[in-house]
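Below is one structure, written out as structure tokens; the observations come after it.
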Amino acid sequence: MNNLHNPVSNDRIAKPSWLRWLPAGLPPQRALVTDLMWLHKSMPTVSQVKTFDLRELQAVREACPRRISWAIAFLRAYALVAAEYPSLRRTYISWPWPHLYEHPEVIGNLVVSRQVNDDNWLFFAPIADAENFSLDRQQGLLERYQSGPVAEVFKNQVRLSHYPHFLRRVLWWLRFNFSPRKRIKRLGTFALTTVAGQGVTILDPRAPVTTTLTYGPMNDAGQCNVTIAYDHRVMDGKEVASILCATERIMQTRILQEFHELTEQHRSSRQAA
């Protein structure tokens, strides 16, 4: 993958020349989304919503010299909760028999929208060990995912999107059922998606992971609706309600404190300079 305009130049399977005898299929930018929805359709997901009171955090975030997106604040808070709740690190495996696999680490996947050759693409941006990374470091990773060369930061996803339909489905099925560790490495233990920046709330977030977190726009009172869609085979509503409460509590305490510390670090750096 040499550049943005030729992301599959070194992959013989992804090159269209040997596939010219096949009928035209989905454009590559929709192929991966279609695959993920195909994987998700076997999941009996349920959504639960809680209104978070984040007025104090909103004020501290706005006063922080380092811009930290709400997505990163939520990602870190949810990762800290996932370290306490084993269910958030579990995934349902159906083959060769139904069982639950618990991953030892927390891996969050942010849904990132990028433009490639005037087409809108959705990518999964994994952030591993998010419960241990600082807000500043995670924001740096997100900025690379948002502005780095697509052919580098999303190399495997772009390449896979150019594979023929039948081959993608075989690869996904093998990854989804034969190797739980690799499945989570690619898809994460949870996903986070939002369009709150455009003033819109996603009502039914879907991704082929045990839980998907989304949040809506902040109102004038510093409140927003936070939704968790979860695989009912892995967890129940009472536990998810506790997880929502725990996430709000961590946003109001731990994340608030980290914003204070980040602001103080920048203030000290300016004084030292």
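Using a/c under 1.5 as the rounded threshold, could you call region 162-273 rounded, prolate or oblate? The axes a ≥ b ≥ c are square roots of the C-alpha gyration tensor eigenvalues, and prolate needs a/b larger than b/c, oblate otherwise.
Here region 162-273 falls in the prolate category.
Taking the Cβ of each residue in 165, 103 as the centre, tally the other Cβ atoms inside 10 Å and list the residues starting with the fewest.
Result, fewest neighbours first: 165, 103.
Assigning unit charges at the beta carbon (Lys, Arg +1; Asp, Glu -1) and nothing else, what dipole magnitude in debye, to the nearest 20, does the chain show about its Cα centre? Kindly include the intermediate steps, with their values, before the conclusion.
Numbers: 33 positive and 24 negative charges, 220 e Å.
Dipole size: approximately 1060 debye.
Keeping to pairs on different chains or 8 or more places apart, tell me how many lysine pairs in the chain have Cα atoms under 23 Å apart.
Numbers: 15/155; 41/182; 41/185; 50/238; 155/182; 155/185.
Lysine pairs, 8 or more places apart or on different chains, close enough: 6.
Does region 25-71 come out rounded, prolate or oblate, given a ≥ b ≥ c as the square roots of the eigenvalues of its C-alpha gyration tensor, rounded meaning a/c under 1.5 and, failing that, prolate meaning a/b above b/c?
oblate
Simple spin-label model, 7 Å along Cα-to-Cβ: residue 144 to residue 113 in nm?
2.4 nm
Please order 39, 26, 110 by the number of other Cβ within 10 Å, starting at the fewest.
The order, fewest Cβ neighbours first, is 26, 39, 110.
Give the shape of the chain as rounded, prolate or oblate, defined through the alpha-carbon gyration tensor: a ≥ b ≥ c are the square roots of its eigenvalues, a/c under 1.5 means rounded, and otherwise the shape is prolate if a/b is larger than b/c and oblate if not.
Oblate, since a/c reaches 1.5 and b/c is not below a/b.
Measure off 7 Å from each Cα along the Cα-to-Cβ vector at residue 236 and residue 37, then give the distance between these two points in nanometres to one decimal.
3.3 nm
Using only Cα atoms, find the angle between the long axis of helix 135-147 and the longest principal axis of the chain, and express it within 0 to 90 degrees, rounded to the nearest 10.
Computed tilt is about 40 degrees.
For region 54-120, what relative contact order do you get, as a whole percent, if you take Cα pairs closer than 8 Å and at least 6 residues apart?
20 percent
For the chain, with the dipole built from +1 on Lys and Arg beta-carbon atoms and -1 on Asp and Glu ones, taken about the Cα centre, which of 171, 219, 79 lies farthest toward the positive end?
My answer, from the dipole projection, is 171.
Mark the label point 7 Å from the Cα of residue 257 along Cα→Cβ and return the residues of region 50-70 whose backbone N is within less than 18 Å of it.
56-58, 60-61
Taking 0.36 nm per residue of separation and subtracting the Cα-Cα distance, what length does fully extending residue 66 through residue 53 add?
Extending this stretch completely gives an extra 2.4 nm.
Under 10 Å, Cα contacts only: if you run a Gaussian network model on the chain, which one of 228, 93, 184 comes out with the highest mean-square fluctuation?
Sorting by GNM fluctuation, first place goes to 93.
Sort out for me the Cα centre separation of region 73-115 from region 197-263, rounded to whole Å.
With region 73-115 and region 197-263 each reduced to a Cα centre, they are spaced 14 Å.
Ranking 41, 155 by Cβ neighbours within 10 Å, fewest first, what do you get?
With the fewest neighbours first, 41, 155 line up as 41, 155.
FYI, it's all coordinate maths here, none of it is from the lab. Model, not experiment: these values are computed from the prediction. Please note: Cβ atoms are built from the backbone with ideal geometry, for glycine as well, and neighbour counts cover all protein chains shown.
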